[in-house]
Amino acid sequence: MYRNILVAIDGSQAAAAALDEAIDIALSDGSRLTLISVAAPPRFRMAAPPYVPHPTELDLERGAWNIVRRAEQLVPPDIPVTGLVRAGDPAIAIPARAEQGEHDLVVIGSRGHGWLASLFLGSVSREVAARSPVPVRVVSAKRERRGTEKPEPRDVYAAAPVRGQQAKPATMGETTVLLWVVFALLAELELAWWFFDRMYAP
């Protein structure tokens, strides 16, 4: 039986499946949940237009807190839950919290990119499993989701923010991150098209 479960979330479908799995365990074992989101800088910094700034550390932290707040509202009212944000590498921050918080299980999602993508991009779930001092349950993004009914509103008590200040709703931070990602992808597509044109031009 698990009493103190750490759930890694990042706003992805895989993280949502991991949260569902953790909720099922908590309902069965009477566990408490701690939701952790890591404000991690992008692994690759691609070119973007000058009017789209790279996300700052504060932008990333605000975005992570917004993810935590939304996830907390999905936890049934009868399950104790705490939210927290850490900065840095998720593969290091999550196992460190598992040890520091004396958790007995880590639940994390796997996006299932396959071995080739994992070779180039890395697999956070595998790294966490390798470093964690406690068992790690890796949940596939294909896991069948729980019912879509919205739980009743609940009071949530969260850990202190990273900088020791009151957490604020993420608005501009998430917008900046999203704009940067969109324009970075557009720049990458433009570069790919240029290579294609150079290679196959008559």
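State whether one or more residues within region 60-80 are modelled with pLDDT of 90 or more, among the small types (G, A, S), surrounded by fewer than 20 Cβ atoms within 10 Å (Cβ to Cβ) and out of contact with any helix residue (DSSP H, G or I) (no Cβ under 7 Å at 6 or more places or on another chain).
no
Take the residues in region 72-95 that are assigned to a helix (DSSP H, G or I) and touching a strand residue (DSSP E or B) at 6+ places or on another chain (Cβ under 8 Å); name whichever of them is farthest from V134 (Cα to Cα).
Only one residue fits best here, namely E72.
Anything in region 9-43 that is under 14 Å from I108 (Cβ atoms), of a type in the set (D, E) and either in a helix (DSSP H, G or I) or without any contact (Cβ under 8 Å) to a residue 12 or more places away in the chain (or both)? List them, or say none.
D20, E21, listed by residue number.
Test T34 against the stated conditions and say whether it is among the polar types (S, T, N, Q), under 14 Å from the mean Cα position of the chain (by Cα) and modelled with pLDDT of 95 or more.
Considered against the rule, which asks whether it is among the polar types (S, T, N, Q), under 14 Å from the mean Cα position of the chain (by Cα) and modelled with pLDDT of 95 or more, T34 comes out as yes.
The values are calculated or read from the model by the stated rules, or taken from the named source; none is laboratory data. Note that the structure is predicted; figures quoted are calculated from it, not measured. FYI the Cβ positions are ideal-geometry reconstructions off the backbone, even for glycines, and counts take in every protein chain you see.
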